[in-house]
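Notes for the one structure printed next.
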Amino acid sequence: MKYFAKFYKDFYCDKEYSLDPTEQFEVFDFPAEGVTILGFNSCYHNDHLNRAGSINPNCIAKSGIRTRNLKRQGRLFLATWHHNFRGGPYDQDYMDDTVLESLISKEVKIGFHGHQHKQQIVRIQNTVVEDKKMYVFSAGSLCAGPAENPTGYN
């Protein structure tokens with residue numbers, strides 16, 4: 001993640017991105033809009049031998065602690081990460097969907113991800129507390145070519 005950390009620092013004008021996997025999340029709060037966006041790294045344990053995505057559980061826990069006061073103020077919580085959470089029978093490069101239950105428990109109402117190069121909206125219901133749910137939006141593909149897009153998606 002050192003190259004991403006350098007890009008992050010350049011992009012945000014000297015704001016640091018931690019190389020510690022338990023700190024690879026960000027809280028962006030917009031009080032005037034009543035919205036807080038949680039950004040997560042879904043490349044935890046991801047390398048050339050393990051293509052599956054994952055978010056470090058400590059990041060989700062710490063984001064909940066860091067946003068406690070914002071919850072009391074009634075913020076709408078959104079989250080973003082890279083990896084999709086569903087894949088085909090031969091796919092290995094998606095994230096286990098149990099992480100979504102953790103995000104729901106932290107009051108995240110809407111999630112955004114990319115990676116699969118197709119647009120999709122999914123409603124996730126918490127299986128423990130049925131009145132809690134989250135909508136997950138998958139971005140399409142802005143600049144992928146025909147070889148990168150799944151069959152049937154432009």
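On a 28 Å Cα-Cα criterion, which of the cross-link pairs Lys6/Lys62; Lys62/Lys109; Lys62/Lys133; Lys2/Lys133; Lys2/Lys62; Lys6/Lys71 come out too long?
The answer is Lys2/Lys133; Lys6/Lys71.
Please give, to one decimal in nm, the separation of the simple spin-label points placed at Lys62 and Phe30, each 7 Å out from Cα toward the Cβ.
Using points 7 Å along Cα→Cβ, the separation is 2.5 nm.
Taking 22 Å as R0, compute the FRET efficiency from the Cβ-Cβ separation of Lys106 and His45 and round it to 0.05.
0.60
Report the FRET efficiency, 1/(1 + (r/R0)^6), for Thr98 and Tyr8, where r is their Cβ-Cβ distance and R0 is 35 Å, rounded to 0.05.
E(calc), rounded to 0.05, equals 0.80.
Step through the residues of the stretch 30-40 one at a time and calculate ³J(HN,Hα) from phi using the Karplus curve (6.51 cos²θ - 1.76 cosθ + 1.60, θ = phi - 60°), rounding each to whole Hz and writing x for Gly and Pro.
Each residue of the stretch 30-40 in turn: 10, x, 4, 8, x, 10, 10, 10, 9, x, 10 Hz.
Given the protein chains as shown and a 1.4 Å probe, how many square angstrom of Met1 are accessible, to the nearest 10?
Result for Met1: roughly 100 Å² accessible.
The values are calculated or read from the model by the stated rules, or taken from the named source; none is laboratory data. Everything numeric in this text was worked out from a predicted model, so none of it was measured. Neighbour counts run over all protein chains shown; Cβ positions are idealised from the backbone, glycine included. Keep in mind that these areas ignore ligands, DNA and RNA; they rest on the heavy atoms of the full protein, side chains included. Shrake-Rupley method; radii C 1.70, N 1.55, O 1.52, S 1.80 Å.
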